[in-house]
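See structure below.
The values are calculated or read from the model by the stated rules, or taken from the named source; none is laboratory data. Quantities reported herein were computed from a predicted structural model and do not represent experimental measurements. Reconstructed Cβ throughout: ideal geometry from the backbone, glycine too, with neighbour counts over all protein chains shown.
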Ligand SMILES: Nc1ncnc2c1ncn2[C@@H]1O[C@H](COP(=O)(O)OP(=O)(O)OP(=O)(O)O)[C@@H](O)[C@H]1O
Ligand SMILES: [Mg+2]
């Protein structure tokens with residue numbers, strides 16, 4: 001049995017009339033990579049910042065590595081690496097100076113050079129922070145989070161806005177950190193990132209955990225491996241397709257009908273036959289393997305991202 005590295009119980013955060021986090025329970029095991037997946041405004045950052053000791057909860061209890069923020073904050077900080085969703089660095093410092101500054105906050109850890117190398121930023125070591133690209137800044141903030149050799153790494157949307165190559169590089173750094181036994185709590189709204197990196201995922205919506213499990217378990221909960229999406233020239237009630245064999249569920253969003261099916265090779269011909277009988281004209285048909293995005297859509301009727 002793994003120890004619990006991060007525990008939040010009954011977490012609530014209220015900002016005036018906004019309830020950002022609404023009674024959230026969370027347990028991250030030691031050595032695990034745990035993901036918070038949810039749309040904009042779901043409460044991911046607020047949750048993570050409470051766990052990091054940067055915001056105080058309106059209600060609820062937090063234990064990190066068996067310790068509490070109100071009593072052992074200084075000792076605790078030494079064991080955590082934190083990457084914020086948006087990091088503000090000193091423009092007038094170089095990359096190397098910035099990482100050295102972060103290193104100075106920790107009693108032990110890597111050399112700044114080592115941290116910079118880990119995120120492949122050696123070429124920019126002498127560059128001023130203001131001259132870095134967005135992806136390079138992300139890597140710098142990861143170096144700052146890693147330089148104290150933390151036991152837990154908190155990453156708030158580590159790859160948002162990055163090109164695919166930079167994203168892969170960050171995934172590699174996270175994987176290497178875990179191989180050394182580290183625990184990771186990350187937030188993302190990239191389902192692929194959650195599927196690739198996380199042992200377990202909590203899907204968050206409106207400040208609550210609405211589903212929890214390994215990516216495979218969550219996708220398995222759909223009871224169907226595939227999703228068929230179709231668009232028609234004129235609207236058709238989703239119920240008309242729900243009665244077909246092979247179709248497990250039908251949803252509709254912005255004119256797109258979304259069907260979960262077990263066997264696309266059997267479902268699609270049935271579907272096309274039915275549409276023809278009804279004189280409905282297809283304008284788009286696509287099928288894909290079910291993803292965490294589909295789990296979210298199934299649970300909420302909405303997409304994680306607007307795109
Ligand atoms: N300091 C604050 N004052 C008032 N409202 C806030 C504050 N911080 C967050 N909120 C609100 O709390 C809710 C949750 O915000 P949060 O930043 O935690 O979401 P998120 O899941 O991290 O979203 P994103 O994916 O956009 O980063 C939002 O409605 C937000 O407007
Ligand atoms: Mg956020």
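Return a yes/no flag: does region 1-9 have any residue that is assigned by TED's automatic domain parsing to the domain that holds residue 209, within 16 Å of ligand 1 (Cβ to nearest atom) and surrounded by 14 or more Cβ atoms within 10 Å (Cβ to Cβ).
Within region 1-9, one or more residues are assigned by TED's automatic domain parsing to the domain that holds residue 209, within 16 Å of ligand 1 (Cβ to nearest atom) and surrounded by 14 or more Cβ atoms within 10 Å (Cβ to Cβ).
Yes/no matrix, rows are residues, columns are (1) away from ligand 1 (no atom under 16 Å from the Cβ); (2) free of Cβ contacts under 8 Å to residues at least 24 places away in the same chain; (3) over 14 Å from the mean Cα position of the chain (by Cα); (4) more than 16 Å from residue 82 (Cα to Cα):
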{"residue": "119", "(1), (2), (3), (4)": "yes, no, yes, no"}
{"residue": "129", "(1), (2), (3), (4)": "yes, no, yes, yes"}
{"residue": "132", "(1), (2), (3), (4)": "yes, no, yes, yes"}
{"residue": "137", "(1), (2), (3), (4)": "yes, no, yes, no"}
{"residue": "150", "(1), (2), (3), (4)": "yes, no, yes, no"}
{"residue": "154", "(1), (2), (3), (4)": "no, no, no, no"}
{"residue": "189", "(1), (2), (3), (4)": "no, no, no, yes"}
{"residue": "207", "(1), (2), (3), (4)": "no, no, yes, yes"}
{"residue": "225", "(1), (2), (3), (4)": "yes, no, yes, yes"}
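For region 279-301, what are the residues that are touching a residue at least 40 places away in the same chain (Cβ under 8 Å) and surrounded by fewer than 12 Cβ atoms within 10 Å (Cβ to Cβ)?
281, 283, 284, 286, 289, 301, listed by residue number.
Could you check, for region 85-92, whether at least one of its residues is at pLDDT 95 or above, under 27 Å from residue 296 (Cα atoms), under 22 Å from the mean Cα position of the chain (by Cα) and within 16 Å of ligand 1 (Cβ to nearest atom)?
No - not one qualifying residue is present in region 85-92.
Being touching a helix residue (DSSP H, G or I) at 6+ places or on another chain (Cβ under 6 Å) and in a strand (DSSP E or B), is that true of even one residue in region 156-179?
yes
Restricting attention to region 114-141, report how many residues are in contact with a strand residue (DSSP E or B) (Cβ under 6 Å, 6 or more places away or on another chain) and buried (at least 17 other Cβ atoms within 10 Å of the Cβ).
Here the count works out to 1.
Tell me which helices (runs of 4 or more DSSP H) are completely within region 1-113 and hold 1 or more residues being under 22 Å from residue 218 (Cα atoms) and within 16 Å of ligand 2 (Cβ to nearest atom), or say none if there are none.
Where helices (runs of 4 or more DSSP H) fall fully within region 1-113 and carry at least 1 residues being under 22 Å from residue 218 (Cα atoms) and within 16 Å of ligand 2 (Cβ to nearest atom), they are 44-51.
What single numbered condition from (1) touching a strand residue (DSSP E or B) at 6+ places or on another chain (Cβ under 7 Å); (2) closer than 27 Å to residue 9 by Cα fails to hold for residue 227?
Checking residue 227 against (1) touching a strand residue (DSSP E or B) at 6+ places or on another chain (Cβ under 7 Å); (2) closer than 27 Å to residue 9 by Cα, the one that fails is (2).
Restricting region 169-187 to residues that are within 16 Å of residue 117 (Cα to Cα) and without any contact (Cβ under 8 Å) to a residue 60 or more places away in the chain, which is nearest to ligand 2 (Cβ to nearest atom)?
Taking the candidates together, the pick is 170.
Can you tell me how many residues in region 175-196 are surrounded by fewer than 21 Cβ atoms within 10 Å (Cβ to Cβ) and farther than 23 Å from residue 43 by Cα?
6
Can residue 165 be described as more than 19 Å from residue 115 (Cβ to Cβ), more than 16 Å from ligand 1 (Cβ to nearest atom) and more than 17 Å from the chain's Cα centre (by Cα)?
So residue 165 fits the description; yes.
Out of 53, 81, report the one residue that is within 16 Å of ligand 1 (Cβ to nearest atom) and in contact (Cβ under 8 Å) with a residue 24 or more places away in the chain.
From the options 53, 81, the qualifying one is 53.
Counting only residues that are more than 7 Å from ligand 1 (Cβ to nearest atom) and touching a helix residue (DSSP H, G or I) at 6+ places or on another chain (Cβ under 8 Å), which one in region 31-48 is farthest from residue 12 (Cα to Cα)?
Step by step, filter region 31-48, then rank; the result is 31.
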